[in-house]
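Take a look at the structure set out below.
The values are calculated or read from the model by the stated rules, or taken from the named source; none is laboratory data. Computed from a prediction, not measured in an experiment: that's the story for all the values here. Ideal geometry is used to build each Cβ from the backbone, glycine not excepted, and the neighbour counts take in all protein chains shown. What goes into the accessible areas is simple: the full protein's heavy atoms, side chains included, and nothing from ligands, DNA or RNA. Shrake-Rupley method; radii C 1.70, N 1.55, O 1.52, S 1.80 Å.
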Amino acid sequence: MTREFAFPGTRPRWAPDRVVDIQHLALVLDVDPTRRSVTGTVTLRCRVIADDTRAVELDAVELIIERVTANDAAAAFRNDGKKLRVELPRPAPAGSELVLAIAYRGAPRRGLYFIAPDEAYPHKPVQVWSQGQDEDSRYWFPCFDAPHEKATSELTVTVPAHLFAVSNGTLVSDHTDGGSRTLHWRLDVPHSCYLVMLAVGDFASIETRWRDVPVVYHVEHGREAAAERTLARTPEMLELLSRRFGVPYPYPRYAQVFVADFIFGGMENTSATTLTDTVLLDERAALDHDVDALVAHELAHQWFGDLVTCRDWGEGWLNEGFATYAEYLWREHHEGRDAADLELDEWAEQYFGEDAGRYRRAIATKYFEEPIDIFDHHLYEKGGRVLHMLRHTVGDAAFWASLTHYLTKHRLGVVESRDLARAVEEATGRNLDWFFSQWVIDGAGHPDLEVAIRWDAVERLAAVTVEQKHKVEGKTPLFRIPTRVRFRVGDRDHDVAIEIIDPRHVFHIRLDSEPSQAIFDPGRVVLAGLKIDKPEPVWIAELAGASLAIDRATAAAALGRRGGPIAERALGDAVAHDRFWAARGAAALALGRLRTPTARDRLVKAVAAEVHPRARRMIARALGDFVHDAIAGAALAQIVEHGDASYFVEAEAALALGKTRTPRAGELLRLAATRDSYTDVIRQHAYRGLAEARDDSALGLLVDGLRWGKVSQGRRAAATALALLMKGRRDREARDVRERIELLLSDPDFRVQAAATESLAQIGDPAAIPALRRMVERELDGRLRRRGKEVIRDLEDGASVGEDIRRMRDELGELRALAGTLRERIEKLESTRAASASGKGKNKSKPDKPKKKKKR
């Protein structure tokens, strides 16, 4: 069931009023990592907007304000712990200059984070780092904390002498005096205050260049090789995005700094991106994994978000949608379209899951309690998909021209969705208000399409029937969808443009001869739910030879749903011979859904022969569909017991082995759970595998995995595995597990808190509601508060699916596997009887008796 995004009583949020325009922000700070405190002065040079201005209100949360001056004169002020109101000594006329200087101190609980080793994590580094987005800069310096206020900035910071400090722009000075070190950074390009950053630590610095711009990587000493391995392609990304966007990288320097315990994957602070150090690649991880998507995403924000900024957070997709789409652009450039299209599939899956399982909303919305609420899969992934559709609607040349015009016209400014629509119109002459209305501003959701394709040999016409089957209600409209149908006639593709505007269309398309392929929306450009009906030979031809790998993968999935020996043979050929690893993997997953002994045998052979580790992961995953199958279990056990060159293949095999529930699963998964790996990926999958195996004897191991002192990712996985084991149960053991997970709601690790929240949602016990309420009331992180409220609501409404339904699904899967085996045996038996009957018929004059059909 899709719910409303906004909770009852939510009021719209608009950009706040400004009585002054802040033109320059100067911070002078003394940071004490030991006392976890900051002391300093912020000076704001402003131009007065409103005539006869008598007071200026700023954001300052949990900061102690010591004194304030206005144009060097002492100013009265009121500070309520959230807002700082400065009373000016005399009214200020419009256009006049006003300089506010505010001395303050504090021990921030948000905005500025203090990291240090402790007894459980003795090797953790001493670091201090900021995170301003969305409205957290107010926790570490007084400011006008809204994205539509932009100013140049400088930061002078004093830290212990053995540490280094990174901030925006260029380093003006760096000097040491006794036990203290003072560094002065300056950026002369205006930017929003949520992008002002500070990172303090014992950093090594690695410098390279793009054109004449220094490109610098800061990382904890001893991890330099990992940083270079992880960020090596940054200069190439700078070149690509500068060309694609039509505006060269706009800042004097680009830095990336790795920090511990970061609460996001990355943050696009202007000219100085912060990244979590958990993504640093070791040599084995780099075999089949990269974080290029994260690096490209944060880099793209330097244009979309930093140079041109959303006017208010309700328009945040203009920052995040473009940064997400840059992930596609990089992958398309670096690995080709087939690899980039995998990003589209992943984004769609994430958005569809959120839309179906949590809520539906317009991408641009004013209805939220806190800005962080909208930093979701609608904002990022759907936003990226909308830009991909826009590109295909106007064409590549017009798309790039539109982006260049948009960035040039609004450089250093703030924007709303209509500004992008006008920029496209001005650059191309095309009015796309209908597009932005249905996909971004007014509309919500997506079309659900049913498509049927048939060939009329007499009339030499292809008939393409398209129906919009979704409910047109609320904000979900009847969509206008320009797309194409690709026909393969002979050895050539013919693309035919169509436009869907009504609930039902039948398009009749004349062709020279019957097409071997008929692909609706080649490349899966349109963000839509799709059910496609066409003859099996057409699916098979598309699996074997569609031009795009994503279309071959679509054919594989369709054949996996259809089943039968002909489909199975085609899928087996694709697993063995397709030229792209992900298409081979898609065929493997489809074979897994068939659950026949011959499909299993093809997968066992493929997992041993496949050389591409990413395809090998997918084949291992497919083998997990063969529940209680000794042969599939043995193939997976081989990988888990003896390892694989790839962390991720080994991890995937562990999870799949648990799903088979074969006899050695428990023993080998306990072995896998002892292995350290990149992001603890093997242990994560081993824990989940134990839960999938329904191994209640693993409870002690999983409970131990929750302990403070264990690797964060493993702790989260242990909570998730325990929830899977306990889902729907209300016995004493389940109560004990639930109570242990409730304790994690106050864990020092934000990500463990988030995992605990999701785990309680999965367990589905309303008894968790009081603990969730306490978390919502005390937590500062809006992400935890938002999700906690959702889980409370679902538990109160009884929305959690019961354990009995989950077990019924498992039993249905096992019955399907058994049916596949029986079907194959019957087909073999009938073939043998047919051959025998044929032989008898040659030697006897008596007619054969009719065969009796066996029940299946």
Handout entry: Hits in segment 520-536 (condition: under 18 Å from SER547 (Cα atoms) and of a type in the set (Gly, Ala, Ser))
Key = GLY523
Practice task
Please go through segment 620-640 and pick out each residue that is of a type outside the set (Gly, Ala, Ser) and in contact with a Lys or Arg (Cβ under 8 Å, 6 or more places away or on another chain).
Solution key: LEU623, ASP625, PHE626, VAL627, HIS628, ASP629, ILE631
Practice task
Tell me the strands (runs of 3 or more DSSP E) entirely within segment 20-85 that contain at least 3 residues that are over 35 Å from the mean Cα position of the chain (by Cα) and free of Cβ contacts under 8 Å to residues at least 60 places away in the same chain.
Solution key: 37-48, 53-59, 64-70, 76-79
Exercise for the section: Filter segment 279-309 for residues that are more than 17 Å from GLU224 (Cβ to Cβ), open to solvent by 20 Å² or more (accessible area, probe 1.4 Å) and not in a loop (DSSP other than H, G, I, E, B) and give the result. Expected result: LEU287, ALA293, LEU294
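Is it true that some residue in segment 459-466 is under 21 Å from LEU548 (Cβ atoms) and not small (Gly, Ala, Ser)? Step through it out loud before you land on a result.
First pass over segment 459-466, keeping only residues under 21 Å from LEU548 (Cβ atoms): 462, 464, 466.
The next check asks that each one be not small (Gly, Ala, Ser); those that pass are 464, 466.
There is at least one residue in segment 459-466 that is under 21 Å from LEU548 (Cβ atoms) and not small (Gly, Ala, Ser).
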Practice task
Kindly indicate whether any position in segment 179-201 is open to solvent by 30 Å² or more (accessible area, probe 1.4 Å), under 23 Å from ILE115 (Cα atoms), touching a residue at least 40 places away in the same chain (Cβ under 8 Å) and in contact with a Pro (Cβ under 9 Å, 6 or more places away or on another chain).
Solution key: no
Fill in the blank from the handout: In segment 436-488, anything of a type in the set (Phe, Trp, Tyr) and either more than 30 Å from ALA421 (Cα to Cα) or without any contact (Cβ under 8 Å) to a residue 60 or more places away in the chain (or both) is listed as PHE436, TRP455, PHE479, PHE487
Fill in the blank from the handout: Given (1) in a helix (DSSP H, G or I); (2) without any contact (Cβ under 8 Å) to a residue 40 or more places away in the chain, ASP676 misses just (1)
Exercise for the section: Provide a single number: the residues in segment 371-416 that are within 21 Å of ARG484 (Cβ to Cβ) and of a type in the set (Lys, Arg). Expected result: 2
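To keep it simple, each residue is scored yes or no on (1) under 25 Å from THR278 (Cβ atoms); (2) β-branched (Val, Ile, Thr); (3) assigned to a helix (DSSP H, G or I).
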{"position": "LEU724", "(1), (2), (3)": "yes, no, yes"}
{"position": "ARG730", "(1), (2), (3)": "no, no, no"}
{"position": "GLU733", "(1), (2), (3)": "no, no, yes"}
{"position": "LEU744", "(1), (2), (3)": "yes, no, yes"}
Problem - Within segment 133-164, tally of residues that are open to solvent by less than 10 Å² (accessible area, probe 1.4 Å) and part of a helix (DSSP H, G or I) - result: 1
Completion exercise
Being assigned to a strand (DSSP E or B) and either farther than 29 Å from GLU332 by Cα or over 27 Å from the mean Cα position of the chain (by Cα) (or both) narrows HIS218, HIS184 down to just HIS184
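Of the residues VAL415, VAL464, which is crowded, with 18+ Cβ neighbours inside 10 Å, aliphatic (A, V, I, L, M) and closer than 30 Å to ASP312 by Cβ? Full working, then the answer.
On the way: VAL464 fails: closer than 30 Å to ASP312 by Cβ.
Criteria check complete, one pass: VAL415.
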Practice task
May I ask you to verify whether ARG561 is under 22 Å from ALA635 (Cα atoms) and part of a helix (DSSP H, G or I)?
Solution key: no
Practice task
Return the total of residues in segment 111-132 being open to solvent by 20 Å² or more (accessible area, probe 1.4 Å) and assigned to a loop (DSSP other than H, G, I, E, B).
Solution key: 11
Handout entry: Residue list for segment 539-551, filter: open to solvent by less than 20 Å² (accessible area, probe 1.4 Å) and either touching a Phe, Trp or Tyr at 6+ places or on another chain (Cβ under 6 Å) or assigned to a helix (DSSP H, G or I) (or both)
Key = TRP539, GLU542, LEU543, ALA549, ILE550, ASP551
Practice task
Looking at (1) part of a loop (DSSP other than H, G, I, E, B); (2) open to solvent by 30 Å² or more (accessible area, probe 1.4 Å), find the lone condition where LEU171 falls short.
Solution key: (1)
Handout entry: Filtered residues of segment 623-649 (kept if surrounded by 22 or more Cβ atoms within 10 Å (Cβ to Cβ) and more than 25 Å from GLY572 (Cβ to Cβ))
Key = TYR647
Handout entry: Test: residue in segment 216-235 that is touching a residue at least 12 places away in the same chain (Cβ under 8 Å), of a type in the set (Lys, Arg) and either in contact with a Leu (Cβ under 8 Å, 6 or more places away or on another chain) or open to solvent by less than 10 Å² (accessible area, probe 1.4 Å) (or both)
Key = yes
Practice task
Could you run through segment 366-380 and say how many residues are open to solvent by less than 30 Å² (accessible area, probe 1.4 Å), of a type outside the set (A, V, I, L, M) and part of a helix (DSSP H, G or I)?
Solution key: 3
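Taking ALA615, is it buried (at least 20 other Cβ atoms within 10 Å of the Cβ) and on the phi < 0 side of the Ramachandran plot? Even if it seems obvious, please write down each step before you answer.
Numbers: buried (at least 20 other Cβ atoms within 10 Å of the Cβ): yes; on the phi < 0 side of the Ramachandran plot: yes.
So ALA615 fits the description; yes.
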Practice task
Kindly indicate whether SER96 is open to solvent by less than 40 Å² (accessible area, probe 1.4 Å) and without any contact (Cβ under 8 Å) to a residue 60 or more places away in the chain.
Solution key: yes
Completion exercise
Flagged pairs (Cβ under 8 angstrom, 6 or more apart or on separate chains; first in segment 746-773, farther than 12 Å from LEU795 by Cα; second of a type in the set (A, V, I, L, M) and part of a loop (DSSP other than H, G, I, E, B)) are PHE750/ILE263; ARG751/ILE263
Problem - ALA586 being crowded, with 22+ Cβ neighbours inside 10 Å, under 30 Å from THR393 (Cβ atoms) and of a type in the set (A, V, I, L, M) - result: yes
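I'd like the residue in segment 237-278 that is among the acidic types (Asp, Glu) and part of a loop (DSSP other than H, G, I, E, B) and, out of all such residues, is most open to solvent (accessible area, probe 1.4 Å). Can you show your working first?
So the first thing to find is which residues in segment 237-278 are among the acidic types (Asp, Glu), and the list is 239, 261, 268, 277.
Those still in the list that are part of a loop (DSSP other than H, G, I, E, B) too: 261, 268.
Numbers: ASP261: 77, GLU268: 3 Å².
Restricting to residues being among the acidic types (Asp, Glu) and part of a loop (DSSP other than H, G, I, E, B), the top hit is ASP261.
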